[in-house]
C-alpha cells in the first residue's frame, strides 16, 4: 500500500522559447514613445482633417541613401507646414531594426550577470 502513496516525480520546468521578434514587439508596445529615432522607423502615416492619409516609407528612404538627419529635418518642416491640417501622426517602428540597435547594448550591459 505504501507504494501507491509515493509522491509522483516532479516534472522539470521547461523554458519557454519566444520568438525574438515577438519579444521585441511586446517590449516596444509597453514603452511610451515621445521621440523615435528616424533610423528605426518603418513608416510614418499622417491623417489630415480632409480625410486624406499620407504614408511615408522611411525605411525605403534610408535604404536608398537618404541621411537620417535630412529625413528628420524634412519631416519636422512638413509637420510645421501642415500643423493646422494634421489630425494624427502615427510612427510605425521597424522591430528588426530596434532589436539590431538595442540588443548589442543589452548584451554588453548584462554580460556579467
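With a cut-off of 15 Å on the backbone N, the residues of the stretch 55-77 near the modelled label site 7 Å out from residue 89 along Cα-Cβ are 55-58, 69-77. Spin-label model, residue 53 to residue 69: label points 7 Å out along the Cα-to-beta-carbon direction sit 3.4 nm apart.
Normalised by the number of residues in the stretch 34-113, the average gap of Cα pairs under 8 Å and 6 or more apart makes the relative contact order 40 percent. Stokes-Einstein, applied to the Kirkwood radius of the stretch 43-89 over Cα pairs at a viscosity of 1.306 mPa s and 10 °C, places its translational diffusion at 141 µm² s⁻¹.
Could you estimate the translational diffusion coefficient of the stretch 60-113 from the Stokes-Einstein equation, with Rh from the Kirkwood formula over C-alpha pairs, at 4 °C and 1.567 mPa s, in whole µm²/s? Rounded to a whole number, D works out at 92 µm²/s.
No lab work stands behind these numbers, since they all come straight from the coordinates. Values in this document were obtained by computation on a predicted structure and should not be read as measured data. Glycine gets a Cβ as well: all are built from the backbone with ideal geometry, and neighbour counts include every protein chain shown.
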